[in-house]
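No lab work stands behind these numbers, since they all come straight from the coordinates. Here the structure is a predicted model, which means the values were calculated and not measured. Every residue, glycine among them, receives a Cβ derived from its backbone with ideal geometry; neighbour counts consider all protein chains shown.
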Amino acid sequence: MNNTENDKRAVISTVIRYALISVAAAILCFALGRLALGLGDRGRDADAAPGGDRVRVVIDAGHGGEDGGTSGSDGTVEKDVNLKIALIVRDILASNGVGVVMTREDDRLLYDAYGDLSDYAGKKKVYDLRNRLRIAEEHPGAALVSIHMNAFSGKQYSGLQVYYSPNDAESARLAGLVQSTVRSYIQPDNDRETKRAGSSIYLLNRIKSPAVLIECGFLSNAEECGKLNDPAYCQALALAISSAIMEFIATA
Ligand SMILES: [Zn+2]
């Protein structure tokens, strides 16, 4: 078999793999969405709260506007991939009846979201993070899920890794569900462990609600960066993340 045939087979197997992942994750989402809404096997409960009325999840697409975050050698910018995946997660959760809000839905920083100052020069990053926290705190008890991309000088490193807030015991459980669901459906060779956030992660360190930060993959790794530019891969990743969030809510 020549290299071209090998390449063709590799491409076909990748496409089939993502299609299967998407179908499996969609089925899981539907089942877990029903569980989250308390529908289960009992049918619609007349006393159940209408799905979506209560905000259960705050999705935070990291960086934005003049802060691109990290980047890949092909020009991929973290803030764009963060938002792309965050928007898919939002849509999956909402379509499953899970109340969700976003810290940002377009390409911008949030330093002036509350209009605290007339001049933010030199303070944009500080106020941006402060306001992301404020948005999350407007929904007490809702889980905060912050979406980011990773980078490292060693270009061989790859794979999703989840950090959790030290302030609420449920954060570690949510992190574990995201890490294990992505391992099961998308990255069987990912042996990374979830990590307790240190003081350098502002949001996780200060928030009191369950909170995780998902480093979805390494833009510094050319292969993983390529995957993160593939809509099918992003869809599969978002489905796995959404499934984990719904399982977290359903089993709270
Ligand atoms: Zn980031």
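Fewest Cβ neighbours within 10 Å first, please rank 78, 193, 247 accordingly.
193, 247, 78
Tell me the relative contact order for region 117-252 as a rounded percent, counting alpha carbon contacts under 8 Å between residues six or more apart.
Normalised by residue count, the contact order of region 117-252 is 34 percent.
Among the aspartates and glutamates, which have Cα under 19 Å from the Cα of residue 125 when same-chain residues fewer than 8 positions away are ignored?
Once the sequence-local aspartates and glutamates are set aside, what remains near residue 125 is 60, 66, 67, 78, 80, 105, 106, 107, 112, 116, 137.
Report for region 109-217 the percent antiparallel among DSSP-assigned beta bridges with both residues inside it, nearest 5.
Among the beta bridges of region 109-217, antiparallel pairing accounts for roughly 35 percent.
Output the relative contact order of region 67-171, whole-number percent, from Cα pairs under 8 angstrom with separation of 6+ residues.
Once normalised by length, the contact order is 25 percent.
List the lysines whose Cα sits under 27 Å from the Cα of residue 227, skipping any in the same chain fewer than 8 residues away.
8, 79, 84, 155, 195
Cut-off is 10 Å between beta-carbons; in what order do 215, 224, 105 appear when sorted fewest neighbours first?
105, 215, 224
Fewest first, what order do 130, 56 take by the number of other Cβ atoms within 10 Å?
Ordered from fewest to most neighbouring Cβ atoms within 10 Å, 130, 56 come out as 130, 56.
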